[in-house]
Every structure is written in structure tokens, then in C-alpha cells.
Amino acid sequence: MKYEVDIIKELNSNEIVVKVQGLNVTFGKAHIIHDVSFEVRKGEIIGLFGISGAGKTTIIRVLTCQIKSKNWTGDVLVTHLNPAKEKNHQKILSRIGYVPQLELLNLYYELSPLVNVETFASNYGMKKEKAKEVAEELFSILDIPEDTWKNALKKLSGGEKKRVSMAIGLIHNPEVLFLDEPTTGVDANKRYDILNYLKILNRKLGTTMFIITHDLEAALICDKTAILREGELLAFDSPHNLIQTLPSNGLLVRLTIQDLTQEKIDIIKAFEYCERISRVGNINIEVFLYDFGKNINPFIDYLFEKGIKIISMSRDSANFRRYFQIRIQEEEEKEREQEIKIGETKEEEEHLKNTENEKSEKSGGI
Ligand SMILES: Nc1ncnc2c1ncn2[C@@H]1O[C@H](COP(=O)(O)OP(=O)(O)OP(=O)(O)O)[C@@H](O)[C@H]1O
Ligand SMILES: [Mg+2]
């Protein structure tokens, strides 16, 4: 059970530790998750992104045996076991760790960090001595100051409490650790610290990790990112591969434009090889061009011709944040187009019906 912290375990082996195939979740009439499929390999860090209500927690609840099998269908394996079967639950729970969004849910504030961890370890049948040894190793990796280990937890800072909560999730050396919003409610600097610690733990212990988050910066430590929207999985791949699917492999030109208006944006959009524009500030835009290398100079000439004044210009690659925004925007655009089409079809049907009614009225009148 002891953590071999000096040995970097073989990461990203081919072993599939979580498999989800055709997952559908329904609560009564509400269809929450629609046909979601993905596979996770040993040692990977997976980021589960999506706006509120997308279904992130619901998927994790299926994987962590918290949703009754009558509410879901699909082939799901967690550490080679099917959570649809209740008899597998105990075994699955002994092989996974869970760090809830609110530390309150798994921490006793009056007890010290060490006693907190020991208490949880006893649930897994770990002896106190062993639990203490592992807890001390985890606290050291997580930089929880040694002079706080025996103080009441309520005296620790917010970030330190989060790290104790992570130590609890890891105490039984789980194969997979699920973290629900590990960086929410933590200030910007500490967010980076927490992500950094997760990466260190992943590298040192080889733990596969699922991170549910709204924090798009978290993609920096993820091997794969999943984007959910309204219960559908829009994307599942490495951030790099996803960015590569953007026009010109994600290469973009960032422009600061004098007195930027919607009218100017429309003129820029009208450039023949302009694939997409994102407004990223008051006077800043990012433009994706078809065949960037070939079309960047004609594009600049075009702006000049149209009298659009450029204050500054730089070339860059899209980051995951931009990919995420574009992917969500695309879905919204598709939905709007479909709604318009449905509206038009309804109008046409209505028109047809009226014309037929008029015809039959006329023929009836003859
Ligand atoms: N037990 C339930 N019964 C009915 N609807 C539910 C149930 N659990 C979740 N939902 C609904 O499923 C949808 C997805 O919820 P979920 O908690 O998975 O979203 P999320 O992506 O985790 O959102 P957030 O970022 O706000 O945590 C929501 O519309 C929610 O209201
Ligand atoms: Mg949630």
C-alpha cells in the first residue's frame, strides 16, 4: 500500500481503466445524458468541462456508483467492473477516490489533518499506523506545513484544507481519483498551485484523475479534455488535438483595432478567407483564416483598403479556452439554424394548408 513516491510509475499505459459506451441517464421524463462514449487509460488526467447543468456531475455520479442502474443504460466499466451491478459497488469504491466540491463534506473542522485522514482510512480497513505513514507522505507531497498537521483543521487556510481533502481522496492509493471542482472558490494563484499539486500527484503515484471544472486553465494539466453541452459530449481528445481541428490548425491573428464597432467586425468577416472572428475585448479580435500562411498578407491589405486602422497585431495559436468557446458557439449557431429551419418548415406547412383550404373552399363553391 505504501506510496513509492520516488518511483515515477509508468504513465499512460494502454490499460483502459474507465470505459463508457453509449451512456444515457434519465430521471423520470428528463433525459440528462445523451449517448456519451469515451475511454480513459491508466495514468491519464481527464478534464470534464461544460457550462452549468451540462451533466458533468451526473456522469461522475454514474462512475462512482451514486446513481441507481434503473436511471441509466450503457456499457460502463470502472477499474474493469460494472457499476450497474450493486454487488460491484464496494469493490469499485475501494479502488476509486472522491474529492467533493465542498470540503465540508469530507472534513471534520475540529479535528487535525492527521486525525481527519486516519478517520477516513479506517473506513478502508487501514491500520492507524499505516494511515499516518501514508498521510505524512501525502502531506509532504502536497506541501501542507508540518507544524499544522496536529492543529485543528479550522485553523488551516482554504488552499491547505483543499489539499487535506485531496489527501483523504488518495489515502487508500486509488486507481482513479474523481475531483469535483477542485479549484472553485480559490483565488487565482492558489488555483495554479492546486493544479500543480494534482499534476505532481499524478506523476508520482500514477493515479488516473477525473477533474470536473469550470476553470478552463485546468486544461493545461489534462491529457484529455471532454466538453459537455446539454448532456452531449461535443469533444473528447487532447487539448492539442482539439485545437488542431480549428482553421489553419488553430493559428490566428490577434488584432487591436481603433474604434472597433460591429460594423467593422462585419466588414472583416466579409473577407473571403476569414473563417471565424472572436471578439476578445473592447477593441481586440482574434481572426482565424483559411490557409493562414497564404492569406495573412492579402487579409492585411484588405483591412487597409477598407480603412480599418490596426493599432497592434500579433500571430498566435489558439488556447483551449478559445477552442471551448468556439465549440460551444458552433453548437449554439447550429441550434439557431435548426430552429429557423423548423420555423420556416412550419410556416411553409401553414401556408400550404391555407392554400389548400382556399382551393377546396373555391372548388366547393363551384
Ligand atoms: N436526480 C436528478 N433528478 C432530476 N434532474 C437531475 C437530477 N440530477 C441532475 N439533474 C439535472 O441534470 C442536469 C445536469 O446536472 P449536473 O449536476 O450533472 O450538471 P453539471 O454539469 O455538473 O452542472 P454544474 O456545473 O452546475 O455543477 C441538470 O439540468 C440537473 O438539474
Ligand atoms: Mg456539477
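The values are calculated or read from the model by the stated rules, or taken from the named source; none is laboratory data. In this text, all values refer to a predicted model and were calculated from it rather than measured experimentally. In this analysis, Cβ positions are derived from the backbone assuming ideal geometry, glycine residues included, and neighbour counts consider all displayed protein chains.
Filter the range 273-311 for residues that are without any contact (Cβ under 8 Å) to a residue 24 or more places away in the chain, surrounded by 15 or more Cβ atoms within 10 Å (Cβ to Cβ) and farther than 13 Å from I257 by Cβ and give the result.
N295
Of the residues that make up the range 270-282, is at least one of a type in the set (G, A, S), under 33 Å from the mean Cα position of the chain (by Cα), assigned to a loop (DSSP other than H, G, I, E, B) and at pLDDT below 95?
yes
Do we find that K150 is in contact with a helix residue (DSSP H, G or I) (Cβ under 8 Å, 6 or more places away or on another chain), farther than 29 Å from L48 by Cα and not in a helix (DSSP H, G or I) in this structure?
In short, yes.
Could you tell me which numbered condition P100 fails, if it satisfies all but one of (1) more than 12 Å from ligand 1 (Cβ to nearest atom); (2) surrounded by fewer than 21 Cβ atoms within 10 Å (Cβ to Cβ)?
Here P100 meets the rest and fails (1).
Would you be able to say whether some residue in the range 313-320 is in a helix (DSSP H, G or I) and within 30 Å of I221 (Cβ to Cβ)?
Scanning the range 313-320, I find at least one residue that is in a helix (DSSP H, G or I) and within 30 Å of I221 (Cβ to Cβ), so the answer is yes.
Would you be able to tell me the number of residues in the range 214-238 that are at pLDDT below 95, under 9 Å from the mean Cα position of the chain (by Cα) and either in a helix (DSSP H, G or I) or away from ligand 2 (no atom under 16 Å from the Cβ) (or both)?
Result for the range 214-238: 3.
Within the range 301-319, track down each residue that is under 36 Å from the mean Cα position of the chain (by Cα) and either closer than 16 Å to R276 by Cα or among the basic types (K, R) (or both).
Answer for the range 301-319, where residues must be under 36 Å from the mean Cα position of the chain (by Cα) and either closer than 16 Å to R276 by Cα or among the basic types (K, R) (or both): R315, D316, S317, A318, N319.
Write out, first by first residue and then by second, each pair whose Cβ atoms fall under 6 Å of each other, whose residues are 6+ apart or on separate chains, and whose first residue, in the range 15-43, is in contact (Cβ under 8 Å) with a residue 60 or more places away in the chain while the second is within 16 Å of ligand 2 (Cβ to nearest atom) and not in a strand (DSSP E or B).
Listed pairs, sorted by first residue: V25/T58; I32/G55; I32/T58; I32/G231; I33/G55; I33/T58; I33/G231; H34/G231.
Within the range 221-249, take every residue that is closer than 20 Å to S278 by Cβ and touching a Leu at 6+ places or on another chain (Cβ under 9 Å) and give me the one that is farthest from ligand 1 (Cβ to nearest atom).
Per the stated criteria, the residue is S248.
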